[in-house]
Amino acid sequence: MDARREGVFIDLADCEHISPVVCLMLCAEIERCQGLRYNSVNGCDPRSEEPRQMLRGMGFHRRLGIGRGKAPSVPSIVEIRSGGQDADIPEKLDDVARIAERVLGDPSLANRVHGALNEAMLNVSMHAYDREFLTPGKALEGRWWVAGFANDNELIFMAYDHGVGIATTAPKTIGEELYRRLDQALAMIGLGRADALDHHIIEAAIKARRSRTGKAQHGKGLTSMIDLIQRAGRGSVSICSHGGQYLYSKPADPAMEPTEGSLPLAHSVPGTLIIWHIASIKNGKDNAGHAHAA
Amino acid sequence: MLMQREIIRIAEQFSRFPYGRYPDHGPNNGERFREEYLIPALRDGRELAVDLDGARGLGPSFLEEAFGGLVRAGFSPEQINSLIRVNSEDDPSYLEEIQSYINDAAALVGAAH
(Lines give C-alpha, C1' and ligand atoms only; values in the text may rest on other atoms or scores of the structure.)
Protein backbone atom coordinates (compact mmCIF):
# COMPACT_ATOMS: atom_id res chain seq x y z
CA MET A 1 0.00 0.00 0.00
CA ASP A 2 1.35 3.41 -0.95
CA ALA A 3 0.51 6.07 1.61
CA ARG A 4 0.57 8.74 -1.09
CA ARG A 5 -2.60 7.44 -2.69
CA GLU A 6 -6.09 8.64 -1.76
CA GLY A 7 -6.83 5.69 0.47
CA VAL A 8 -7.35 1.99 0.48
CA PHE A 9 -10.47 -0.03 1.18
CA ILE A 10 -9.81 -3.61 2.24
CA ASP A 11 -12.82 -5.64 1.26
CA LEU A 12 -12.80 -8.92 3.15
CA ALA A 13 -16.53 -9.52 2.63
CA ASP A 14 -16.09 -12.58 0.42
CA CYS A 15 -13.16 -13.99 2.38
CA GLU A 16 -13.90 -17.61 3.30
CA HIS A 17 -10.71 -18.40 5.12
CA ILE A 18 -7.86 -16.39 6.63
CA SER A 19 -4.75 -17.80 8.23
CA PRO A 20 -3.16 -16.46 11.41
CA VAL A 21 -0.10 -15.40 9.42
CA VAL A 22 -2.22 -13.32 7.06
CA CYS A 23 -4.02 -11.78 10.05
CA LEU A 24 -0.68 -10.69 11.45
CA MET A 25 0.72 -9.34 8.17
CA LEU A 26 -2.50 -7.57 7.27
CA CYS A 27 -2.67 -5.94 10.70
CA ALA A 28 0.93 -4.82 10.36
CA GLU A 29 0.35 -3.38 6.91
CA ILE A 30 -2.73 -1.47 8.04
CA GLU A 31 -0.84 -0.06 11.02
CA ARG A 32 2.00 0.93 8.74
CA CYS A 33 -0.31 2.82 6.42
CA GLN A 34 -2.25 4.43 9.26
CA GLY A 35 1.00 5.40 10.94
CA LEU A 36 2.39 7.01 7.80
CA ARG A 37 -0.87 8.64 6.74
CA TYR A 38 -3.72 8.77 9.21
CA ASN A 39 -7.10 7.45 8.03
CA SER A 40 -5.69 6.11 4.79
CA VAL A 41 -7.18 2.64 5.25
CA ASN A 42 -10.76 1.44 5.65
CA GLY A 43 -12.34 -1.92 5.17
CA CYS A 44 -15.02 -4.42 6.02
CA ASP A 45 -15.03 -7.73 7.84
CA PRO A 46 -15.70 -11.09 6.19
CA ARG A 47 -19.30 -12.19 5.99
CA SER A 48 -18.33 -15.75 6.87
CA GLU A 49 -18.09 -16.61 10.52
CA GLU A 50 -14.85 -18.61 10.38
CA PRO A 51 -12.56 -15.83 9.12
CA ARG A 52 -14.37 -13.30 11.35
CA GLN A 53 -13.65 -15.47 14.36
CA MET A 54 -10.02 -15.84 13.31
CA LEU A 55 -9.60 -12.07 13.06
CA ARG A 56 -11.35 -11.57 16.38
CA GLY A 57 -9.40 -14.31 18.11
CA MET A 58 -6.07 -12.98 16.87
CA GLY A 59 -6.92 -9.58 18.33
CA PHE A 60 -6.96 -7.96 14.89
CA HIS A 61 -9.79 -5.54 15.69
CA ARG A 62 -8.52 -4.83 19.20
CA ARG A 63 -5.04 -4.10 17.87
CA LEU A 64 -6.39 -1.68 15.28
CA GLY A 65 -8.86 -0.11 17.69
CA ILE A 66 -11.89 -0.90 15.57
CA GLY A 67 -15.21 -2.59 16.20
CA ARG A 68 -17.56 -2.34 19.12
CA GLY A 69 -17.27 -4.17 22.37
CA LYS A 70 -14.51 -6.34 23.70
CA ALA A 71 -13.99 -9.81 22.32
CA PRO A 72 -13.11 -12.37 24.98
CA SER A 73 -9.48 -13.42 25.07
CA VAL A 74 -8.79 -16.99 24.05
CA PRO A 75 -6.37 -18.68 26.48
CA SER A 76 -4.54 -20.56 23.74
CA ILE A 77 -3.86 -17.48 21.63
CA VAL A 78 -1.19 -14.83 21.99
CA GLU A 79 -3.00 -11.92 20.39
CA ILE A 80 -1.25 -9.64 17.95
CA ARG A 81 0.90 -7.20 19.83
CA SER A 82 3.34 -4.67 18.53
CA GLY A 83 6.16 -2.55 19.74
CA GLY A 84 9.22 -0.70 18.68
CA GLN A 85 12.34 0.15 20.55
CA ASP A 86 10.44 -0.31 23.78
CA ALA A 87 11.93 -0.97 27.12
CA ASP A 88 8.99 -3.17 28.07
CA ILE A 89 9.27 -5.83 25.38
CA PRO A 90 9.76 -8.65 27.94
CA GLU A 91 6.61 -7.59 29.79
CA LYS A 92 4.68 -7.39 26.51
CA LEU A 93 5.73 -10.92 25.67
CA ASP A 94 5.41 -12.37 29.19
CA ASP A 95 2.18 -14.21 28.44
CA VAL A 96 4.15 -16.05 25.77
CA ALA A 97 5.94 -17.83 28.60
CA ARG A 98 2.67 -18.70 30.32
CA ILE A 99 1.18 -20.32 27.24
CA ALA A 100 4.49 -22.02 26.51
CA GLU A 101 4.64 -23.44 30.04
CA ARG A 102 1.15 -24.86 29.75
CA VAL A 103 1.86 -26.49 26.39
CA LEU A 104 5.42 -27.64 26.89
CA GLY A 105 5.05 -28.56 30.56
CA ASP A 106 8.52 -27.26 31.34
CA PRO A 107 8.84 -23.86 33.06
CA SER A 108 12.52 -23.47 32.21
CA LEU A 109 11.92 -24.24 28.54
CA ALA A 110 8.98 -21.84 28.52
CA ASN A 111 11.20 -19.12 29.97
CA ARG A 112 13.71 -19.83 27.23
CA VAL A 113 10.96 -19.47 24.63
CA HIS A 114 10.15 -16.07 26.11
CA GLY A 115 13.85 -15.19 26.00
CA ALA A 116 14.19 -16.21 22.36
CA LEU A 117 11.28 -14.00 21.31
CA ASN A 118 12.66 -11.10 23.36
CA GLU A 119 15.97 -11.58 21.61
CA ALA A 120 14.37 -11.68 18.17
CA MET A 121 12.57 -8.40 18.82
CA LEU A 122 15.76 -6.83 20.16
CA ASN A 123 17.47 -7.81 16.90
CA VAL A 124 14.68 -6.14 14.95
CA SER A 125 15.09 -2.93 16.89
CA MET A 126 18.88 -3.02 16.49
CA HIS A 127 19.32 -4.09 12.87
CA ALA A 128 16.17 -4.51 10.81
CA TYR A 129 15.56 -0.81 10.11
CA ASP A 130 19.13 0.19 9.38
CA ARG A 131 18.93 3.76 8.08
CA GLU A 132 21.78 3.15 5.71
CA PHE A 133 19.42 1.01 3.67
CA LEU A 134 15.93 2.15 4.67
CA THR A 135 13.84 4.24 2.27
CA PRO A 136 12.50 7.19 4.32
CA GLY A 137 8.77 7.35 4.79
CA LYS A 138 8.10 3.75 3.88
CA ALA A 139 8.07 2.05 7.27
CA LEU A 140 7.42 2.67 10.94
CA GLU A 141 11.01 2.45 12.08
CA GLY A 142 11.76 -0.16 14.69
CA ARG A 143 8.26 -1.67 14.65
CA TRP A 144 7.61 -5.37 15.09
CA TRP A 145 4.49 -7.51 15.43
CA VAL A 146 4.16 -10.82 17.24
CA ALA A 147 1.33 -13.30 17.64
CA GLY A 148 1.01 -16.95 18.43
CA PHE A 149 -1.20 -19.82 19.39
CA ALA A 150 -1.12 -23.18 21.08
CA ASN A 151 -2.56 -26.44 19.84
CA ASP A 152 -2.35 -29.59 22.01
CA ASN A 153 1.39 -29.85 22.70
CA GLU A 154 2.51 -27.43 20.01
CA LEU A 155 3.25 -23.74 19.93
CA ILE A 156 3.38 -21.55 16.88
CA PHE A 157 4.74 -18.02 17.06
CA MET A 158 4.89 -15.49 14.27
CA ALA A 159 7.06 -12.39 14.24
CA TYR A 160 7.03 -9.78 11.54
CA ASP A 161 8.76 -6.52 10.72
CA HIS A 162 8.97 -4.12 7.79
CA GLY A 163 12.72 -3.88 7.84
CA VAL A 164 15.22 -3.95 5.01
CA GLY A 165 15.74 -7.70 5.23
CA ILE A 166 18.36 -10.13 6.49
CA ALA A 167 20.18 -10.31 3.16
CA THR A 168 20.79 -6.56 3.34
CA THR A 169 21.85 -6.27 6.99
CA ALA A 170 23.81 -9.51 7.37
CA PRO A 171 26.94 -8.45 5.47
CA LYS A 172 27.25 -5.45 7.77
CA THR A 173 26.51 -7.28 11.02
CA ILE A 174 28.35 -10.55 10.41
CA GLY A 175 31.22 -9.68 8.10
CA GLU A 176 33.87 -12.11 6.89
CA GLU A 177 32.36 -15.29 8.31
CA LEU A 178 29.24 -14.65 6.24
CA TYR A 179 31.24 -14.23 3.04
CA ARG A 180 33.29 -17.35 3.75
CA ARG A 181 30.16 -19.47 4.14
CA LEU A 182 28.40 -17.79 1.24
CA ASP A 183 31.33 -18.34 -1.14
CA GLN A 184 31.56 -21.98 -0.04
CA ALA A 185 27.85 -22.64 -0.57
CA LEU A 186 27.77 -20.89 -3.94
CA ALA A 187 30.88 -22.69 -5.16
CA MET A 188 29.15 -26.02 -4.50
CA ILE A 189 26.49 -25.12 -7.06
CA GLY A 190 28.90 -23.52 -9.50
CA LEU A 191 28.08 -19.92 -8.66
CA GLY A 192 30.10 -16.96 -7.47
CA ARG A 193 29.41 -14.20 -4.96
CA ALA A 194 27.99 -11.93 -7.66
CA ASP A 195 25.27 -14.52 -8.28
CA ALA A 196 24.10 -14.58 -4.66
CA LEU A 197 20.38 -14.16 -4.15
CA ASP A 198 18.59 -13.28 -0.93
CA HIS A 199 18.03 -16.89 0.11
CA HIS A 200 21.72 -17.77 -0.31
CA ILE A 201 22.70 -14.89 1.96
CA ILE A 202 20.00 -15.64 4.54
CA GLU A 203 21.09 -19.27 4.85
CA ALA A 204 24.76 -18.32 5.09
CA ALA A 205 23.90 -15.70 7.73
CA ILE A 206 22.04 -18.16 9.92
CA LYS A 207 24.78 -20.75 9.66
CA ALA A 208 27.39 -18.13 10.46
CA ARG A 209 25.49 -17.07 13.60
CA ARG A 210 25.12 -20.66 14.73
CA SER A 211 28.83 -21.28 14.37
CA ARG A 212 29.48 -18.55 16.99
CA THR A 213 32.60 -17.41 15.24
CA GLY A 214 33.23 -13.91 14.05
CA LYS A 215 31.80 -10.97 15.93
CA ALA A 216 30.82 -11.18 19.57
CA GLN A 217 27.51 -12.88 20.27
CA HIS A 218 25.13 -10.61 18.39
CA GLY A 219 22.01 -11.68 16.58
CA LYS A 220 21.28 -14.83 18.59
CA GLY A 221 17.50 -14.72 18.29
CA LEU A 222 17.19 -17.14 15.40
CA THR A 223 19.84 -19.48 16.72
CA SER A 224 18.03 -19.54 20.07
CA MET A 225 14.85 -20.59 18.28
CA ILE A 226 16.64 -23.46 16.55
CA ASP A 227 18.36 -24.53 19.77
CA LEU A 228 15.01 -24.61 21.55
CA ILE A 229 13.46 -26.78 18.85
CA GLN A 230 16.24 -29.27 19.49
CA ARG A 231 15.68 -29.05 23.23
CA ALA A 232 11.90 -29.48 23.01
CA GLY A 233 12.16 -32.38 20.57
CA ARG A 234 10.36 -31.33 17.42
CA GLY A 235 9.59 -28.22 15.43
CA SER A 236 10.53 -25.91 12.63
CA VAL A 237 11.39 -22.36 11.83
CA SER A 238 10.64 -20.60 8.58
CA ILE A 239 12.15 -17.22 7.81
CA CYS A 240 10.89 -15.27 4.82
CA SER A 241 12.86 -12.11 4.27
CA HIS A 242 12.34 -10.06 1.13
CA GLY A 243 13.26 -12.40 -1.75
CA GLY A 244 14.35 -15.48 0.16
CA GLN A 245 13.17 -18.15 2.55
CA TYR A 246 15.12 -20.29 5.00
CA LEU A 247 13.65 -23.43 6.50
CA TYR A 248 14.79 -25.59 9.39
CA SER A 249 12.83 -28.62 10.47
CA LYS A 250 13.43 -31.23 13.15
CA PRO A 251 11.27 -34.34 13.14
CA ALA A 252 10.22 -36.12 16.31
CA ASP A 253 12.18 -39.25 15.49
CA PRO A 254 15.59 -38.75 17.17
CA ALA A 255 17.13 -41.09 14.58
CA MET A 256 16.33 -38.58 11.85
CA GLU A 257 18.57 -35.58 11.31
CA PRO A 258 17.09 -32.09 11.09
CA THR A 259 16.78 -30.67 7.61
CA GLU A 260 17.54 -27.14 6.54
CA GLY A 261 17.75 -25.23 3.33
CA SER A 262 16.72 -22.13 1.51
CA LEU A 263 14.88 -21.13 -1.64
CA PRO A 264 13.91 -17.98 -3.51
CA LEU A 265 10.44 -16.58 -2.99
CA ALA A 266 8.21 -16.02 -6.00
CA HIS A 267 6.82 -12.88 -4.34
CA SER A 268 8.99 -10.73 -2.13
CA VAL A 269 7.99 -10.13 1.48
CA PRO A 270 8.22 -6.43 2.43
CA GLY A 271 10.22 -7.19 5.55
CA THR A 272 10.98 -10.34 7.55
CA LEU A 273 8.45 -12.92 8.66
CA ILE A 274 9.42 -15.66 11.11
CA ILE A 275 7.14 -18.61 11.79
CA TRP A 276 8.43 -20.67 14.69
CA HIS A 277 6.85 -23.98 15.52
CA ILE A 278 7.94 -25.77 18.66
CA ALA A 279 6.51 -28.99 20.01
CA SER A 280 7.33 -31.20 22.93
CA ILE A 281 7.64 -34.93 22.86
CA LYS A 282 6.01 -36.04 26.08
CA ASN A 283 6.67 -39.49 27.44
CA GLY A 284 8.32 -40.50 24.18
CA LYS A 285 5.07 -40.16 22.27
CA ASP A 286 4.58 -37.75 19.43
CA ASN A 287 1.48 -35.77 18.57
CA ALA A 288 0.61 -37.43 15.27
CA GLY A 289 -0.20 -35.81 12.00
CA HIS A 290 0.96 -32.22 12.24
CA ALA A 291 2.64 -31.01 9.05
CA HIS A 292 5.30 -28.33 9.05
CA ALA A 293 3.82 -24.93 8.21
CA ALA A 294 6.18 -22.89 6.05
CA MET B 1 37.44 -16.01 59.13
CA LEU B 2 35.57 -17.19 56.02
CA MET B 3 34.10 -14.43 53.90
CA GLN B 4 30.47 -14.93 53.02
CA ARG B 5 29.68 -14.79 49.35
CA GLU B 6 27.38 -11.87 48.64
CA ILE B 7 24.21 -12.92 46.84
CA ILE B 8 22.61 -10.87 44.08
CA ARG B 9 19.13 -12.07 43.16
CA ILE B 10 18.58 -10.52 39.75
CA ALA B 11 14.80 -10.76 39.80
CA GLU B 12 14.48 -9.02 43.17
CA GLN B 13 17.43 -6.64 43.27
CA PHE B 14 17.88 -5.68 39.63
CA SER B 15 14.80 -6.47 37.52
CA ARG B 16 12.31 -9.24 36.99
CA PHE B 17 12.65 -8.51 33.25
CA PRO B 18 16.34 -7.99 32.44
CA TYR B 19 16.60 -7.11 28.78
CA GLY B 20 18.99 -5.94 26.14
CA ARG B 21 22.61 -4.93 26.08
CA TYR B 22 22.81 -1.17 26.28
CA PRO B 23 20.92 1.71 27.90
CA ASP B 24 19.08 2.50 24.68
CA HIS B 25 17.55 -1.00 24.84
CA GLY B 26 15.97 -0.17 28.16
CA PRO B 27 16.83 0.53 31.79
CA ASN B 28 17.43 -3.08 32.84
CA ASN B 29 20.20 -3.85 30.40
CA GLY B 30 23.27 -6.02 30.61
CA GLU B 31 25.69 -3.12 30.62
CA ARG B 32 24.06 -1.60 33.71
CA PHE B 33 24.05 -4.91 35.54
CA ARG B 34 27.71 -5.38 34.75
CA GLU B 35 28.71 -1.86 35.74
CA GLU B 36 26.63 -1.59 38.89
CA TYR B 37 26.90 -5.09 40.32
CA LEU B 38 29.63 -7.19 38.77
CA ILE B 39 32.53 -4.82 38.18
CA PRO B 40 32.48 -3.26 41.67
CA ALA B 41 32.67 -6.74 43.19
CA LEU B 42 35.55 -7.75 40.95
CA ARG B 43 37.46 -4.54 41.64
CA ASP B 44 37.03 -5.02 45.39
CA GLY B 45 37.90 -8.70 45.23
CA ARG B 46 34.50 -9.63 46.69
CA GLU B 47 32.97 -13.01 46.04
CA LEU B 48 29.59 -12.77 44.44
CA ALA B 49 26.78 -15.26 43.78
CA VAL B 50 24.40 -14.18 41.02
CA ASP B 51 21.04 -15.92 41.29
CA LEU B 52 19.12 -15.97 38.01
CA ASP B 53 15.97 -17.67 39.32
CA GLY B 54 12.78 -15.68 38.86
CA ALA B 55 14.13 -13.51 36.06
CA ARG B 56 11.74 -13.67 33.11
CA GLY B 57 12.78 -14.03 29.47
CA LEU B 58 16.53 -13.85 29.95
CA GLY B 59 18.10 -13.53 26.54
CA PRO B 60 21.58 -14.06 25.13
CA SER B 61 22.19 -10.35 24.61
CA PHE B 62 21.66 -9.48 28.27
CA LEU B 63 23.79 -12.37 29.50
CA GLU B 64 26.58 -11.87 27.00
CA GLU B 65 26.82 -8.16 27.65
CA ALA B 66 26.74 -8.62 31.42
CA PHE B 67 29.26 -11.47 31.67
CA GLY B 68 31.13 -11.53 28.35
CA GLY B 69 31.43 -7.79 28.73
CA LEU B 70 33.54 -8.33 31.86
CA VAL B 71 36.31 -9.66 29.64
CA ARG B 72 36.03 -6.64 27.34
CA ALA B 73 36.22 -4.48 30.48
CA GLY B 74 39.64 -5.97 31.23
CA PHE B 75 39.00 -8.89 33.59
CA SER B 76 40.38 -12.32 32.82
CA PRO B 77 38.20 -15.44 32.80
CA GLU B 78 40.21 -16.67 35.78
CA GLN B 79 39.41 -13.54 37.80
CA ILE B 80 35.76 -13.74 36.83
CA ASN B 81 35.39 -17.44 37.58
CA SER B 82 37.18 -17.17 40.91
CA LEU B 83 34.97 -14.40 42.27
CA ILE B 84 31.61 -14.73 40.50
CA ARG B 85 29.42 -17.79 40.80
CA VAL B 86 26.19 -18.00 38.85
CA ASN B 87 23.29 -19.97 40.33
CA SER B 88 20.23 -21.13 38.46
CA GLU B 89 18.23 -23.95 39.97
CA ASP B 90 15.38 -23.32 37.50
CA ASP B 91 17.63 -23.71 34.46
CA PRO B 92 21.21 -24.87 35.08
CA SER B 93 21.99 -24.62 31.38
CA TYR B 94 22.44 -20.86 31.88
CA LEU B 95 25.71 -21.60 33.68
CA GLU B 96 27.32 -23.27 30.67
CA GLU B 97 25.92 -20.60 28.39
CA ILE B 98 27.39 -17.79 30.45
CA GLN B 99 30.73 -19.56 30.66
CA SER B 100 30.76 -19.84 26.86
CA TYR B 101 30.20 -16.08 26.57
CA ILE B 102 33.14 -15.45 28.90
CA ASN B 103 35.36 -17.88 27.00
CA ASP B 104 34.33 -16.57 23.57
CA ALA B 105 34.91 -12.98 24.64
CA ALA B 106 38.36 -13.94 25.87
CA ALA B 107 39.12 -15.64 22.55
CA LEU B 108 38.07 -12.55 20.62
CA VAL B 109 40.05 -10.24 22.87
CA GLY B 110 43.05 -12.53 22.51
CA ALA B 111 42.70 -12.64 18.74
CA ALA B 112 42.62 -8.86 18.60
CA HIS B 113 45.97 -8.52 20.37
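The values are calculated or read from the model by the stated rules, or taken from the named source; none is laboratory data. As the structure is a computational prediction, the values presented were derived from the model and not from experiment. Counting neighbours? That spans all protein chains shown, and the Cβs are built from the backbone with ideal geometry, glycine included. With ligands, DNA and RNA removed, areas are computed over all heavy atoms of the protein, side chains included. Shrake-Rupley method; radii C 1.70, N 1.55, O 1.52, S 1.80 Å.
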If you roll a 1.4 Å probe over the protein assembly as shown with all protein chains in place, what percent of the accessible area is carbon or sulfur? 51
At the nearest 100 Å², what buried accessible area, both sides summed, do you get for B and A when the probe is 1.4 Å? 2200
Simple SL model, points at 7 angstrom along Cα→Cβ for A:Ser211 and A:Cys44; separation in nm is 5.6
Computed label-point distance, nm, for sites A:Met256 and B:Arg85 using a 7 Å Cα→Cβ extension: 4.5
Return one whole number: the accessible area per residue of chain B in Å², for a 1.4 Å probe. 48
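Please arrange B:Tyr94, A:Tyr38 by accessible surface area, largest first, computed with a 1.4 Å probe and ligands excluded. Write down the numbers at each step before the final one.
Numbers: B:Tyr94 10, A:Tyr38 190 Å².
From most exposed to least exposed: A:Tyr38, B:Tyr94.
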Could you work out the longest stretch of chain A that avoids the GluC sites (Glu not before Pro) located in DSSP loops with at most 10 other Cβ atoms within 10 Å? A:133-294
Chain B: calculated mean residue ellipticity at 222 nm from DSSP helix runs of at least 4, using -39500 (n - 2.57): -10500 deg cm²/dmol
Just add up the charged neighbours of A:Ala13: K/R +1, D/E -1, any other residue whose Cβ is under 11 Å from the Cβ of A:Ala13. -2
Starting from the residue with the highest accessible area, list A:Met188, A:Met256 in decreasing order, probe 1.4 Å. A:Met188, A:Met256
Lysine pairs in chain A with Cα distance under 25 Å, only those 8 or more apart or on different chains: how many are there? 12
D (µm²/s, integer) via Stokes-Einstein for chain A, Kirkwood Rh across alpha-carbon pairs, 10 °C, 1.306 mPa s: value 79
What is the Cα centroid distance between the stretch A:165-192 and the stretch A:221-236, reported in whole angstrom? 23
Residues along the stretch B:26-70 losing 30 Å² or more of accessible surface when the other protein chains are present rather than the chain by itself (probe 1.4 Å): B:Arg56, B:Gly57, B:Pro60, B:Ser61
How high is the relative contact order of chain A, in percent, with contacts defined as C-alpha pairs under 8 Å that are six or more residues apart? 15
Length-normalised contact order for chain B - Cα pairs under 8 Å, 6+ apart - percent: 28
Under 9 Å from the Cβ of A:Tyr246, count the other residues' Cβ atoms, weight Lys and Arg +1, Asp and Glu -1, and hand me the total. -2
Taking Rh as the Kirkwood radius computed over C-alpha pairs, what is the Stokes-Einstein D of the stretch A:136-272 at 4 °C in a medium of viscosity 1.567 mPa s, expressed in µm² per second? 81
